[in-house]
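Note sheet for the following structure.
The values are calculated or read from the model by the stated rules, or taken from the named source; none is laboratory data. Predicted model only: the values in this text are computed from it and were never measured. Because the Cβ atoms are built from the backbone with ideal geometry, glycine has one as well, and the counts that use them run over all protein chains shown.
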Amino acid sequence: MPRSRRYSSPMTTKSKIQVIGVVGAGQMGSGIAQVGAASGLGIVLQDVANESLTRARARIENSLGKLVEKSKISAEEAKAALGRIQFTQHLEELSRADLVVEAVVEKPELKFEIFRKVDSICKEEAILASNTSSISITAIAAHTRRPDRVIGMHFMNPVPIMKLVEVIRGLRTSDATFSSVKQVGEQMGKTCVESKDFPGFVVNRILMPMINEACYALYEGIAKAEDIDNAMKLGTNQPMGPLALADFIGLDTCLAILNVLHEGLGDPKYRPCPLLKQYVSAGLVGKKVGHGFYKYES
């Protein structure tokens with residue numbers, strides 16, 4: 001029988017980037033590691049917590065196993081991909097990487113600290129990228145000695161499924177850096193879109209105001225959560241309603257991005273909905289904790 005469409009579509013000409021370091025072994029970091037390894041790249045996945053690395057390995061094995069079950073990759077390809085990933089707690093192991101992608105939580109000072117450290121560890125020609133969904137690449141680059149080789153590489157969640165990568169140029173990002181990152185993104189089977197370094201970039205500049213407006217509709221009692229989501233799914237042909245999507249992203253993440261938009265652009269239309277802020281204050285941040293605008297089974 002003919003095999004179904006392959007999991008990734010490597011480029012005819014391979015990228016000059018052969019080894020990718022990933023900082024942060026959470027859902028995003030492990031997803032980036034998986035798609036990179038599946039496309040033939042060597043991966044160094046680093047996290048300070050050994051338990052995070054253990055969970056990441058299990059998450060990757062499970063995801064690759066599902067792809068094998070669906071005949072999108074063979075068992076041998078899955079085993080080879082996992083074998084290309086080095087799991088480590090030591091940041092110094094990133095010294096052999098051609099590209100490092102930071103994928104930690106959306107806290108500017110934490111990212112700045114990581115980039116300062118990685119900049120001192122990595123070889124001079126290495127490119128440093130952030131998976132940030134909203135924080136300024138120009139600001140991040142200013143904490144390194146290589147601002148021309150710092151760039152945004154914003155993967156969508158879940159990384160193994162979503163095809164988009166936003167590639168964000170900082171003020172001093174070079175054309176060569178952009179070209180290399182776009183090429184490796186395509187090697188990983190992704191479609192890359194270019195964005196300038198302004199708050200929210202492309203996706204979240206458009207998506208977050210929609211989610212925020214859905215929160216206001218719920219807050220003002222216009223409709224129940226289920227009806228708001230069904231209206232948007234059936235009325236605009238979206239696969240997921242905005243409130244369910246907010247739960248999936250994480251209400252804390254949505255609030256952090258809206259704060260960046262509000263502060264960075266100074267426009268009151270980005271003011272986060274009080275109901276969203278209340279849910280975050282209560283710890284009801286979405287699917288990852290089992291409760292957001294909806295309740296989820298553990």
(message) Can you pull out every residue in the stretch 230-283 that is under 22 Å from Glu297 (Cβ atoms) and without any contact (Cβ under 8 Å) to a residue 24 or more places away in the chain?
(response) Asn230, Lys233, Pro239, Met240, Ala282, Gly283
(message) Going through Gln46, Gln18 one at a time, which residue ends up being within 15 Å of Ile127 (Cβ to Cβ) and of a type in the set (S, T, N, Q)?
(response) Gln18
(request) Count, please, the residues in the stretch 97-123 that happen to be over 17 Å from Val181 (Cα atoms) and among the acidic types (Asp, Glu). (result) 4
(request) Would you tally the residues in the stretch 229-247 being surrounded by 15 or more Cβ atoms within 10 Å (Cβ to Cβ) and under 27 Å from Ala103 (Cα atoms)? (result) 7
(message) Condition first: of a type in the set (A, V, I, L, M, F, W, C) and either surrounded by fewer than 20 Cβ atoms within 10 Å (Cβ to Cβ) or outside any helix (DSSP H, G or I) (or both). Now tell me which residues in the stretch 257-273 satisfy that.
(response) Leu265, Cys273
(request) For Val23, indicate whether it is closer than 26 Å to Glu113 by Cβ, β-branched (Val, Ile, Thr), out of contact with any strand residue (DSSP E or B) (no Cβ under 9 Å at 6 or more places or on another chain) and assigned by TED's automatic domain parsing to the domain that holds Arg116. (result) no
(request) Check Ile257, Ile249 and return the single one that is under 17 Å from Pro209 (Cα atoms), touching a helix residue (DSSP H, G or I) at 6+ places or on another chain (Cβ under 6 Å) and of a type in the set (Val, Ile, Thr). (result) Ile257
(message) Quick check on the stretch 74-91. Is at least one of its residues aromatic (Phe, Trp, Tyr) and closer than 26 Å to Cys254 by Cβ?
(response) no
(request) Pick out the one residue from Gln18, Gln27, Gln46 that is closer than 16 Å to Leu64 by Cβ and either of a type outside the set (A, V, I, L, M) or at pLDDT below 95 (or both). (result) Gln27
(request) Could you please find all residues in the stretch 150-176 being polar (S, T, N, Q) and either surrounded by fewer than 23 Cβ atoms within 10 Å (Cβ to Cβ) or free of Cβ contacts under 8 Å to residues at least 12 places away in the same chain (or both)? (result) Asn157, Ser174
(message) On the basis of being of a type in the set (Gly, Ala, Ser) and over 22 Å from Thr132 (Cβ atoms), does Gly241 make the cut?
(response) yes
(request) Identify all residues within the stretch 96-122 that are assigned to a loop (DSSP other than H, G, I, E, B) and within 16 Å of Gly26 (Cβ to Cβ); write none if there are none. (result) Ala103, Val104, Val105, Glu106, Lys107
